[in-house]
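Report on the structure given below.
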Ligand code: GLA
């Protein structure tokens, strides 16, 4: 796995596959969420950063109304889709469902689409909770609209990607992953208010770095558990006559303890306290206040573990190892939807080596799982060249 996609290699592969050079190359990044987990579909706050791992698509126009799409990372498997057919899931090439979903959603919104050749390749670790699917969706929206001479605003591109996932692929995800992939800023995180999709760029102090650690725990039951959490949050909101938990205050929730069933109460308590922590974290990040950031990230992890029940014992150990090694000078928590995947740490560059050493020395011994260190840089969102 390399940290940058070699554009020249992609262009060469495209030329070899389609017998002509591509007209353009589009790139859309994966993401790491610093804090604000399972808050997006509750109209709350999130603080993700786009990362230097992305999906790239080389593209050229066709004279007919077909899309010829080759996935380099799936044995160069090829699918052909007619723009005029009704989109159907493809069990033989499940990766292509993201493209099919995007076509369906762009057509629904009356974009005039043109045929094209596409070669897709990416280096976002799959199944790690780093949003490889959102990066594919956003890259494909950009590739297909650019090719068709249609302009699309980055937020609309994100909404199309999310709708493809919700309506076609079948995961009821929120907007965070697609929005940060479309709108990320170099060297920064984005504080996103998922109620109105407004964003505030929060620069990461120049001497701080992000370290992602894959726990080696394969993410399991993700979709069903994810959709269950979403329903539980909606149940809690409905108890207060609201559509989402954004309309409920923490005071209101706490005073209803005992009336609301215990599970819904705990799910809602995670979401509402996480919103507060995310706002605090954004302030702490922008002012370089590591002790506050480390504290709220630690509290976020405990809340995900005890109230939202989405961590695993190995991931809890990994977070503890990073926190111990950071000794107050590093924030660490599980990142993403949960049930496996990655942990994110952020710390001054001088502290990062001791975090890495601690993971290498302790994690496998304590859990039997093999960690993967993934140093990451906050990067810009989707772009075409
Ligand atoms: C997944 C979803 C996001 C978000 C996170 C949890 O990544 O795609 O919309 O809900 O989980 O914060």
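Please treat every number below as a calculation from the coordinates, not as lab data. It should be emphasised that the depicted structure is a prediction, and the values quoted were computed from it without experimental measurement. Note that we place each Cβ from the backbone using ideal geometry, even for glycine, and neighbour counts take in every protein chain shown.
The figures follow:
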item: Burial ordering of 231, 26, fewest other beta-carbon atoms within 10 Å first; result: 231, 26
item: Cα-based helix-to-principal-axis angle, 154-163 vs the chain, degrees rounded to 10; result: 90
item: Residue among 323, 252, 89 with the largest mean-square fluctuation in a Gaussian network model of the chain, springs linking Cα atoms under 10 Å; result: 252
item: Footprinting exposure proxy for 207, 156 (fewest neighbouring C-beta atoms within 10 Å first); result: 207, 156
item: Order of 226, 41, 53 under a 10 Å beta carbon neighbour criterion, fewest first; result: 226, 41, 53
item: 5 Å-binned pair-distance histogram of the range 1-75 (Cα, whole percent); result: 3, 12, 19, 17, 13, 10, 10, 9, 5, 1
item: Calculated SAXS-style log₁₀ I(q)/I(0) at q = 0.12, 0.15, 0.18, 0.23 Å⁻¹ - the range 64-151, Debye, Cα scatterers; result: -0.34, -0.53, -0.77, -1.25
item: Residue-span extension gain [residue 15 to residue 366] - 0.36 nm each, minus C-alpha spacing; result: 121.5 nm
item: Cα long-axis angle, helix 7-18 against the chain (0 to 90 degrees, to the nearest 10); result: 40
item: By average C-beta atoms within 10 angstrom, highest first, the peptides 168-175, 143-150; result: 143-150, 168-175
item: Percent RCO, i.e. relative contact order, over the chain, from Cα pairs under 8 Å lying at least 6 residues apart; result: 23
item: Whole-angstrom gap from the range 138-156 to the range 64-106, using each part's C-alpha centre; result: 16
item: Mean Cβ count within 10 Å, highest first, over the residues of peptides 354-365, 181-192, 335-346; result: 335-346, 181-192, 354-365
item: Rg and Dmax of the chain, Cα atoms only, in Å; result: 20.8, 68
item: Span from the the range 314-385 Cα centroid across to the the range 200-237 one, whole angstrom; result: 14
